[in-house]
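The structure appears below as structure tokens.
The values are calculated or read from the model by the stated rules, or taken from the named source; none is laboratory data. Given the structure is predicted, the values throughout are model-derived calculations rather than measurements. Glycine also receives a Cβ, built like all others from the backbone with ideal geometry; neighbour counts cover every protein chain displayed.
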Amino acid sequence: MHLPDGIVPIEMALAGYGASAAITALALSRIKSMSDPQAEIPRVAMMTTVFFAASLVAIPVPPTSVHLMLAGLMGVMLGWFCVPAILVGLFLQAVLFGHGGITTLGLNGLILGLPALISFGIWRTAAQRWPDIAAFCAGSLAVVTALVIFAAIVLAGLPVTLDASAERVALGVFLLAHLPLAVAEGVIVMTLLRMLRRVEPRLVPHA
Amino acid sequence: MPSASARHLRALTPRTLLVMALILAFGVATINSLSALPVVVLMAVTAVLVSGQAYLVLRRLRGAALLALAVLLALSLVSGQTVLAQFGPVAFRLEGFQVGALIAVRLVSIVALTLALLTPLSPFQLVGALRGLGVPALMADLALLTLRYLDEVGTELRRAHLARRLRAGRMGWRALPDYAGLLATSLIRAQARAERLWAAMRLRGYDTGLAMPVAPLRALDWLAMSAALAAALAVVWLDRVL
């Protein structure tokens with residue numbers, strides 16, 4: 001779910017850069033306070049590669065097929081590293097493949113980064129007591145939050161000359177069409193974390 | 001054999017090309033009047049031709065062009081009062097078409113300019129340019145390692161999907177746990193690969209980052225950045241006066 005170039009006013013695009021920079025600075029300061037952050041770089045890069053590659057593969061979610069977002073899973077598995085990892089992925093997609101946007105990089109960072117951090121918070125708080133519920137919520141709420149932020153940005157960014165009711169109907173249809181993705185991601189994250197807890201528990205922090 | 005203009009473009013440092021792409025992209029993003037659109041289109045077409053890789057840029061531009069067309073069609077159909085053309089119950093409206101055209105041209109032009117300037121760069125040069133612009137070493141290293149292993153991991157995942165289909169795996173919603181299994185396997189492999197990589201990096205004396213040292217800016221680089229800034233300011237000015 002990427003906001004393309006040219007769709008929002010430049011003021012919003014610049015504000016997005018500012019907000020993303022602030023969140024990244026916060027994430028980097030938390031990362032620096034870890035005991036050996038450099039040792040984490042290869043692990044985070046490898047995980048980012050898997051998430052990036054997996055999001056390019058379409059999986060069938062009846063009645064159609066979808067591309068997974070995996071922001072929630074990134075939040076759970078990478079913690080504060082999810083913010084720089086998401087920004088790196090978005091930048092590479094924009095400049096190498098023309099997906100997303102270079103002017104909307106900051107806004108796209110917010111659309112995916114904030115839900116990932118929320119999922120990280122959910123997992124850290126509830127993983128010990130209710131791991132399956134926490135995993136499902138982390139996966140599906142990330143999609144719902146990203147949809148809400150995306151819709152809010154588009155509604156605020158489109159010109160006022162447009163028919164507001166038509167805009168709202170179109171966005172409503174868009175949100176409803178993505179709800180199966182939220183459920184699918186919840187199921188996938190729950191199943192995946194259950195498997196990892198059993199087979200390779202050191203991959204799942206806070207569990 | 002690249003043209004003279006393409007050779008000049010390649011003589012610029014990666015950092016300069018990235019700054020030029022950002023300046024021009026933000027310049028185009030400011031456009032709000034339809035009369036300035038031909039200027040923006042002309043600028044994008046010139047950049048694509050000068051890049052010397054027009055075919056590659058146009059191929060990568062397909063996704064953005066399709067999205068722009070979808071935005072144009074959707075806005076023409078759902079928004080506005082003045083009917084431009086009517087086909088049975090379907091009416092194309094002027095106001096929606098105007099906003100759609102503005103968004104579509106901005107979108108395609110920004111992507112074309114970005115790709116024209118950055119396509120000639122290797123991923124390694126691109127990450128070096130990021131580092132030169134002050135992006136933290138951690139993020140630059142993440143970008144480099146992600147790019148380095150993307151092909152390998154992508155091929156692995158596609159092979160696993162194919163194998164699942166050949167085994168006549170479950171379909172629809174019931175297939176989701178199988179996909180979770182594929183992803184879990186990839187993550188476990190990624191962890192093992194990361195451990196080997198970290199050991200190798202430490203043996204090679206990894207300390208201050210993987211990105212290549214940043215080349216200093218020369219007169220030609222400053223000239224090119226100034227030209228990009230002048231072009232962006234001209235676009236903003238034209239948008240105001242036209």
Qualifying position, being at the interface with chain B (Cβ under 9 Å from one of its Cβ atoms) and of a type in the set (Val, Ile, Thr), among A:188, A:153: A:188
The stretch A:184-207: number of residues that are surrounded by 17 or more Cβ atoms within 10 Å (Cβ to Cβ), of a type outside the set (Gly, Ala, Ser) and within 21 Å of the chain's Cα centre (by Cα): 12
Inter-residue pairs, beta-carbon under 7 Å, first under 18 Å from residue A:6 (Cα atoms) and in the stretch B:80-103, second assigned to a helix (DSSP H, G or I) and among the hydroxyl-bearing types (Ser, Thr, Tyr), 6+ apart: B:96/B:76; B:97/B:76; B:100/B:76
Conditions (1) surrounded by fewer than 15 Cβ atoms within 10 Å (Cβ to Cβ); (2) under 26 Å from residue B:215 (Cβ atoms): number failed by residue B:118: (1)
Any hit, the stretch B:169-183, residues being assigned to a helix (DSSP H, G or I), at the interface with chain A (Cβ under 7 Å from one of its Cβ atoms), out of contact with any Leu (no Cβ under 7 Å at 6 or more places or on another chain) and at pLDDT 85 or above: yes
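For the stretch A:10-94, list the helices (runs of 4 or more DSSP H) that sit wholly inside it and hold at least 3 residues that are more than 21 Å from residue B:135 (Cβ to Cβ) and either in contact with a helix residue (DSSP H, G or I) (Cβ under 9 Å, 6 or more places away or on another chain) or not hydroxyl-bearing (Ser, Thr, Tyr) (or both); which are they?
Working: elements: A:10-32, A:37-56, A:71-78, A:82-92.
In the stretch A:10-94, the matching helices (runs of 4 or more DSSP H) lie at A:10-32, A:37-56, A:71-78.
Return a yes/no flag: does the stretch A:118-134 have any residue that is of a type outside the set (Lys, Arg) and within 11 Å of chain B (Cβ to nearest Cβ).
So in the stretch A:118-134, the residues of a type outside the set (Lys, Arg) come out as A:118-123, A:125-128, A:130-134.
Now narrow it down to the ones that are within 11 Å of chain B (Cβ to nearest Cβ): none.
Looking for residues that are of a type outside the set (Lys, Arg) and within 11 Å of chain B (Cβ to nearest Cβ), one finds none in the stretch A:118-134, hence no.
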The stretch A:92-111, residues that are more than 7 Å from chain B (Cβ to nearest Cβ) and modelled with pLDDT of 90 or more: A:104, A:105, A:106, A:107, A:108, A:109, A:110, A:111
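Does any residue of the stretch A:46-61 turn out to be at negative phi and touching a residue at least 60 places away in the same chain (Cβ under 8 Å)? It would help to see each step written out before you state the result.
Kept after step one, since they are at negative phi, are these residues of the stretch A:46-61: A:46-61.
If we keep only those that are touching a residue at least 60 places away in the same chain (Cβ under 8 Å) as well, we get A:59, A:61.
So far as the stretch A:46-61 goes, yes, one or more of its residues are at negative phi and touching a residue at least 60 places away in the same chain (Cβ under 8 Å).
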Cross-chain or 6+ apart pairs with Cβ under 6 Å, the stretch B:144-163 first and more than 7 Å from chain A (Cβ to nearest Cβ), then part of a helix (DSSP H, G or I): B:144/B:127; B:160/B:182
All positions within the stretch B:119-137 that are closer than 17 Å to residue B:56 by Cα, facing chain A (nearest Cβ under 9 Å) and of a type outside the set (A, V, I, L, M, F, W, C): B:119, B:123
Evaluation of residue A:42 against (1) in contact with a Phe, Trp or Tyr (Cβ under 9 Å, 6 or more places away or on another chain); (2) modelled with pLDDT of 90 or more; (3) not aromatic (Phe, Trp, Tyr) (one fails), failing number: (2)
